Amino acid sequence: MRIRSVICALGRSGYMHRDLMAMKSGAKQDGFVFHGKPLSPGFEKIVEPATIISVMLELEDGQVAFGDCADVILAGVAGRDPAFRGEDHIGYLGGEIAPLLEGRDVTRFRDNAEQFDQHRRGGKLLHTAVRYGLTQALLHATALSQKRTMAEIIAAEYGTAISRTPIPILASGHKDDPLQLDRTILKRADLLPHASFTIVKDHVGLEGEKLLAFASQVSKRIKEIGDPDYAPRIHLDVYGTLGELFGMKLGPLADYLGRLAQSAQPYGLLVESPIIADTQDAQIASFKNLRTLLKDKGTPVGLIADEWCNTLEDIKLFADASASDYVQIKTPDLGGINNTIEAVIYCRSKKMGSSLGGTANETDHSARICTHIGLACSPDFMLSKPGLGVDEALMIQTNEMARTLALLATRP
């Protein structure tokens, strides 16, 4: 089966772009927006709607495969590509990349994905968002051409075993919406609520008291309205604020995490990005030392690495160093989804936990494709996406896994 034509369309992402550097540098908040000068590459405003490009591959038999080019909310920091603006990329996709795709055999996925993931324009790799969308489309095309699910294609080409049960989902929502938290609990999300704690004074507290109170409130609400047998893990994404609060002193930070774990009891606690160091080497060393401190203290907190862990090569560095309990494989940051697949497999080979992550800034289609990667590669859990509404993302991902597993159960 070959590609007959390529069509590209501008679209809307599932969330927004937010300039983390500007937000942390004292920009004044006004509702959802921030006033001030943007500091991260690619931003025109500190908060702005994000765009995507749908790359559609029309096949010889008339079927259409597609993938969505999208990037993360906090673009342009800690080694990431500048904020993706679809209008800046759609021209060369149609004029330069489309002719390379037209006529291409899509019977197999991996070789095609690796070629376009490594394609260079002006000596540089394509933007990670573009590589992400192109390789999604190629996987979808291979699945259509073989009349198989995308999970089956991945398992066959990478030698993995498809999970027979759904992958747990981390429900990612807003910290200031108690009604959303209630719905998430009632729907028995495996992990919750993710939330975002980006500013020390406003979100964590100058004594760490606000974050402690939040963890306690979440735990209390689970006990109040959750089913008797419901025991999720509490996950908090703190975007380096604990490193800021404690001046990167790991001893006091570890002690604080012990207090945070007590606040979350009786539920397990995962903390993502407690620190964001100035360099990748410093990030790996700090995470490894913090993990050792927590182990020595018997503190039951799982650490998740995100910033400075953007590419497949980055993830291998963290895994080789045993620097964290889990790494978030933030799918758009890795470019081609072939890298995401290999990252999950590599983490498993190193006995390091993995979260098949991503961003609220993705689309319904990229979320569905990631559920197939999850089923084929078995990460420890997946991030809910797109958006931060929780309900919609849980529906999209849960139903895609349910449909796929039901179909696979009918296979001889």
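The values are calculated or read from the model by the stated rules, or taken from the named source; none is laboratory data. From a predicted model like this one, the values you see are computed outputs, not experimental measurements. Reconstructed Cβ throughout: ideal geometry from the backbone, glycine too, with neighbour counts over all protein chains shown.
Of all residues in segment 294-341, which are part of a loop (DSSP other than H, G, I, E, B) and surrounded by fewer than 21 Cβ atoms within 10 Å (Cβ to Cβ)?
GLY298, THR299, PRO300, THR311, ALA321, SER322, ASP325, listed by residue number.
Across segment 263-285, what is the total count of residues that are out of contact with any strand residue (DSSP E or B) (no Cβ under 9 Å at 6 or more places or on another chain), polar (S, T, N, Q) and more than 20 Å from ASP333 (Cβ to Cβ)?
1
Restricting attention to segment 112-142, and to residues there that are surrounded by 21 or more Cβ atoms within 10 Å (Cβ to Cβ) and either of a type in the set (D, E, K, R) or more than 24 Å from ARG368 (Cα to Cα) (or both), which single residue is farthest from the chain's Cα centre (by Cα)?
ASP117
So that you can scan it fast, the table gives a plain yes or no per residue for (1) closer than 30 Å to MET56 by Cβ; (2) touching a residue at least 40 places away in the same chain (Cβ under 8 Å):
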residue	(1), (2)
ALA141	yes, yes
PRO168	no, yes
SER172	yes, yes
LYS175	no, no
LEU181	no, yes
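From (1) surrounded by fewer than 18 Cβ atoms within 10 Å (Cβ to Cβ); (2) over 20 Å from the mean Cα position of the chain (by Cα); (3) part of a helix (DSSP H, G or I), pick out the condition that doesn't hold for LEU290.
So the condition that LEU290 fails would be (1).
Any idea which of SER145, SER163, SER172 is crowded, with 22+ Cβ neighbours inside 10 Å and not in a helix (DSSP H, G or I)?
Answer to the check: SER172.
Go through (1) under 24 Å from ILE337 (Cβ atoms); (2) over 19 Å from the mean Cα position of the chain (by Cα); (3) outside any strand (DSSP E or B) one by one and return the number of the condition GLY62 breaks.
Unmet for GLY62, out of (1) under 24 Å from ILE337 (Cβ atoms); (2) over 19 Å from the mean Cα position of the chain (by Cα); (3) outside any strand (DSSP E or B): (1).
Could you list all residues from segment 28-59 that are assigned to a loop (DSSP other than H, G, I, E, B) and either in contact (Cβ under 8 Å) with a residue 12 or more places away in the chain or of a type in the set (Phe, Trp, Tyr) (or both)?
Result: PHE32, GLY36, LYS37, PRO38, LEU39, SER40, PRO41, GLY42, PHE43, LYS45, ILE46.
Which residues, counting only those in segment 254-282, are outside any strand (DSSP E or B), in contact (Cβ under 8 Å) with a residue 40 or more places away in the chain and closer than 16 Å to SER324 by Cα?
Selection gives ALA254, LEU257, ILE276, GLN280.
Determine, yes or no, whether VAL344 is among the hydrophobic types (A, V, I, L, M, F, W, C), assigned by TED's automatic domain parsing to the domain that holds ALA261, in contact with a strand residue (DSSP E or B) (Cβ under 9 Å, 6 or more places away or on another chain) and part of a strand (DSSP E or B).
So VAL344 does not fit the description; no.
State all residues of segment 197-223 that are within 23 Å of the chain's Cα centre (by Cα) and either touching a residue at least 60 places away in the same chain (Cβ under 8 Å) or surrounded by fewer than 20 Cβ atoms within 10 Å (Cβ to Cβ) (or both); if no residue qualifies, say none.
Those that are within 23 Å of the chain's Cα centre (by Cα) and either touching a residue at least 60 places away in the same chain (Cβ under 8 Å) or surrounded by fewer than 20 Cβ atoms within 10 Å (Cβ to Cβ) (or both): THR198, ILE199, HIS203.
I need the full set of residues from segment 85-111 which are in a helix (DSSP H, G or I) and either small (Gly, Ala, Ser) or buried (at least 24 other Cβ atoms within 10 Å of the Cβ) (or both), in order please.
GLY86, GLY91, GLY94, GLY95, ALA98
Only one of (1) within 19 Å of LEU212 (Cα to Cα); (2) surrounded by 22 or more Cβ atoms within 10 Å (Cβ to Cβ) is not met by GLN265, so which one is it?
The failed condition is (2).
Scan (1) touching a Lys or Arg at 6+ places or on another chain (Cβ under 7 Å); (2) surrounded by fewer than 18 Cβ atoms within 10 Å (Cβ to Cβ); (3) in the same structural domain as GLU272 (by TED's automatic domain parsing) for the single condition LEU191 breaks and write down its number.
Failed condition: (2).
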